[in-house]
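See structure below.
The values are calculated or read from the model by the stated rules, or taken from the named source; none is laboratory data. Since we're looking at a predicted model, the values are computed, not measured. Neighbour counts are summed over all protein chains in view; Cβ atoms, including those assigned to glycine, are modelled from backbone coordinates with ideal geometry. Heavy atoms of the whole protein, side chains included, go into the accessibility calculation; ligands, DNA and RNA do not. Shrake-Rupley method; radii C 1.70, N 1.55, O 1.52, S 1.80 Å.
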Amino acid sequence: MSIKILGTGAYVPEKIVTNDDLSKMVDTSDEWIMQRVGVKERHISVNETAADFAIYAAEKALASAGISGSDIDLIVAATISSETLCPTVAGMVQKAIGANCPAFDVNSACSGFLFALDTAVSYIMRGNVKKALVIGSERLSKLVDWSDRGTCVIFGDGAGAFVIEPGDGYLSSMLYTSGGNEVIEIPSFSGSSPFYEGEIKHPYIFMDGQETFKFAVSKIVADIKKVTQDAGLELSDIDYIVTHQANIRIIEYAAKRLKMPIEKFVVNIEKYGNTSSASVAIAFDELVKSGKLKKGENIVMSAFGGGLSSAACVIKW
Ligand code: COA
């Protein structure tokens with residue numbers, strides 16, 4: 001027994017910021033961003049928080065599952081950009097949808113949604129949770145230094161959510177962490193303690209782009225191979241691959257190294273940029289809504305990012 005996905009949902013804020021808009025703020029161009037990253041535009045919050053996005057995505061996932069908030073036994077949300085450490089994003093969702101169940105957040109940066117999914121799957125496999133809501137939600141625009149062209153062109157805001165229940169559709173999974181702050185670091189608020197003599201860091205995304213790129217391309221290929229093998233499948237048995245949308249070049253590289261047609265990869269980075277823990281959930285929701293998925297098809301989800309971390313799983317639809 002494992003799980004099946006009963007419903008999916010996604011939400012992005014209304015405001016669209018294009019590459020041309022950004023080129024008026026920093027020294028960049030649509031051509032550079034499209035060539036080096038593959039992003040054309042991103043949705044950016046004007047007044048909504050990561051908790052608000054999570055609530056809207058959760059409501060859509062519940063509607064697509066045909067159940068109500070009171071049917072949910074567990075809520076796990078992945079986020080690195082909540083407005084509050086307490087309450088959690090999951091707790092805010094719990095209240096908004098009228099659920100009466102434990103709710104907590106997990107943080108594994110861009111791999112967070114797959115860490116949250118694997119956590120919820122484990123609870124379902126223990127038998128005491130029948131229906132769980134898993135969410136990835138980010139207002140990354142709050143963590144971006146908007147004067148740094150190396151990062152502000154990459155990221156976007158949004159959320160995605162799954163409703164899962166017991167089933168036989170989670171064939172394999174893996175989670176990976178290689179801790180350290182050398183490659184990616186997002187400091188949190190350091191406080192103002194008169195007794196603290198440690199370094200005070202600005203709470204913005206720091207990323208060594210090239211090291212992140214190297215990590216991403218090596219892990220995405222190795223992880224997809226591993227979960228496929230662990231599921232007892234060949235790469236040719238995989239119908240769709242839903243990866244973290246960090247850079248179109250990473251996805252193209254993976255397709256080439258795995259000798260898989262790029263058409264099998266869900267790609268939406270052009271519209272949303274990198275939405276961290278929301279990205280795989282948003283892309284998966286788009287795949288579901290496209291109507292292309294057929295019963296019995298195999299889908300790999302794969303994510304990587306800060307931590308450093310990576311995660312992957314195989315879903316049978
Ligand atoms: N517009 C124009 N030029 C830019 C730019 C921008 N937005 N950002 C950087 N540049 C410049 C740099 O200043 C540098 O100029 P120089 O050669 O004169 O010094 C040049 O472009 C190359 O910079 P570099 O950092 O080497 O570019 P890159 O090809 O590595 O692309 C990333 C940068 C961030 C897009 C790329 O490294 C990447 O996608 N990394 C992975 C990110 C990721 O996966 N994140 C997920 C986890 S959060």
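Below are the figures for this structure:
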item	result
All positions within the range 243-270 that are farther than 24 Å from Ser173 by Cβ, over 19 Å from the mean Cα position of the chain (by Cα) and in contact (Cβ under 8 Å) with a residue 24 or more places away in the chain	none
Options Thr28, Thr84, Thr18: the member that is away from the ligand (no atom under 16 Å from the Cβ) and at pLDDT 95 or above	Thr84
Scope the range 108-148; condition open to solvent by 20 Å² or more (accessible area, probe 1.4 Å), touching a strand residue (DSSP E or B) at 6+ places or on another chain (Cβ under 7 Å) and over 30 Å from Asp27 (Cβ atoms); matching residues	Phe115, Asp118, Thr119, Tyr123, Met125, Lys130, Lys131
Every residue from the range 1-36 that is under 30 Å from Ser172 (Cα atoms) and surrounded by 14 or more Cβ atoms within 10 Å (Cβ to Cβ)	Ser2, Ile3, Lys4, Ile5, Leu6, Gly7, Thr8, Gly9, Ala10, Tyr11, Val12
Subset of the range 189-209 [open to solvent by less than 60 Å² (accessible area, probe 1.4 Å) and in contact (Cβ under 8 Å) with a residue 40 or more places away in the chain]	Pro203, Ile205, Met207, Gly209
Flag for Ala78 being in contact with a helix residue (DSSP H, G or I) (Cβ under 9 Å, 6 or more places away or on another chain), modelled with pLDDT of 95 or more and over 26 Å from Cys152 (Cβ atoms)	no
Candidates Ile241, Ile282 - the one that is part of a helix (DSSP H, G or I), of a type in the set (Val, Ile, Thr) and open to solvent by less than 10 Å² (accessible area, probe 1.4 Å)	Ile282
Some residue of the range 299-311 being touching a residue at least 24 places away in the same chain (Cβ under 8 Å), part of a loop (DSSP other than H, G, I, E, B), touching a helix residue (DSSP H, G or I) at 6+ places or on another chain (Cβ under 9 Å) and surrounded by fewer than 17 Cβ atoms within 10 Å (Cβ to Cβ)	no
Residue count for the range 213-223, restricted to those that are touching a helix residue (DSSP H, G or I) at 6+ places or on another chain (Cβ under 7 Å) and more than 12 Å from the ligand (Cβ to nearest atom)	1
The range 184-212, subset out of contact with any helix residue (DSSP H, G or I) (no Cβ under 7 Å at 6 or more places or on another chain) and part of a helix (DSSP H, G or I), residue farthest from the ligand (Cβ to nearest atom)	Glu211
Residue list for the range 52-81, filter: in contact (Cβ under 8 Å) with a residue 40 or more places away in the chain, open to solvent by less than 50 Å² (accessible area, probe 1.4 Å) and over 18 Å from the mean Cα position of the chain (by Cα)	Leu62, Ala65, Ile67, Ile72, Leu74
Scan of the range 35-51 for residues that are within 11 Å of the ligand (Cβ to nearest atom) and free of Cβ contacts under 8 Å to residues at least 60 places away in the same chain, ordered by number	Gln35
Count - residues of the range 149-177 that are touching a Gly at 6+ places or on another chain (Cβ under 7 Å), away from the ligand (no atom under 12 Å from the Cβ) and open to solvent by 10 Å² or more (accessible area, probe 1.4 Å)	1
